[in-house]
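The next block holds one structure in the form of structure tokens; read it before the comments.
No lab work stands behind these numbers, since they all come straight from the coordinates. Predicted, not measured: the structure shown is a model, and the values here were computed from it.
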Amino acid sequence: MIFIDSGAIYAIFDKRDINHSVASLFFESNVNKNNFIITTPVLVECWFLIESRLGSYCSKKFLEAVNSHIFNLREITYIDFVNALKIEKKYSGINFGLVDCLSFSYIERNKIRSVFTFDRKHCNIYRPVNLKFLNILP
């Protein structure tokens with residue numbers, strides 16, 4: 001299982017994104033080997049970014065990818081929310097956003113080790129309580 005964040009998904013869809021080539025190559029090389037997990041907050045954040053920057057054609061393609069399980073949608077729980085608030089408080093000087101904290105909480109609860117992201121700064125700072133570090137991909 002690989003958790004994929006909004007920035008990595010956006011880079012896959014936007015050919016002008018600085019990370020597009022790397023994101024697309026990594027995704028295409030791994031899509032049949034691994035489950036790419038997203039949560040509902042990531043879904044909404046991605047849809048908004050893609051819709052507002054790339055238009056409805058691309059945002060519909062993204063939703064079709066989720067619907068066909070290319071991106072496996074998972075729900076967050078109230079426990080994830082409570083833990084996200086604790087993460088935000090613990091790392092208050094870092095300014096993690098709500099979606100970041102909810103993602104970290106989900107990753108922690110589900111013991112996910114690998115994250116497909118270009119946000120290396122945040123992922124290198126955050127330490128899950130049950131892991132020594134996150135495996136940041138690509």
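Most fluctuating residue of R127, R74, R16 in a GNM of the chain with Cα springs under 10 Å: which is it? Among R127, R74, R16, the largest GNM mean-square fluctuation belongs to R16. Once the Cα atoms are used to define both axes, helix 20-30 deviates from the longest principal axis of the chain by about 80 degrees. Of K61, K33, K86, the residue with the greatest mean-square motion in the GNM of the chain, using alpha carbon springs below 10 Å, is K33.
So what is the orientation-averaged projected area of region 1-111, using the convex hull of its C-alpha atoms, in nm²?
7.3
Against the longest alpha carbon principal axis of the chain, how many degrees, from 0 to 90 and to the nearest 10, is the axis of helix 40-54 turned? Rounded to the nearest ten degrees, it is 40.
Near the amide H of R74, under 5 Å away, which other amide H atoms are found, from residues 5 or more places off or on another chain, if H is placed in the peptide plane? Amide H neighbours of R74, under 5 Å, 5+ apart: I38, T39, T40.
Backbone geometry of region 88-97 corresponds, through the Karplus equation with coefficients 6.51, -1.76 and 1.60 at θ = phi - 60°, to 3J(HN,Hα) couplings of 4, 5, 4, 10, 4, x, 8, 6, 4, x Hz, x marking Gly and Pro.
Among T39, T77, T117, the residue with the largest mean-square fluctuation in a Gaussian network model of the chain, with springs joining Cα atoms closer than 10 Å, is T77.
Less than 20 Å apart at the alpha-carbon level, and either on another chain or at least 8 residues along: which lysines does that give for K33? Qualifying lysines at Cα under 20 Å: K111. Annotation: amide H-H contacts under 5 Å for F116 (H modelled 1.01 Å from N, sequence separation of 5 or more, or interchain): F3, I4, D5, L137.
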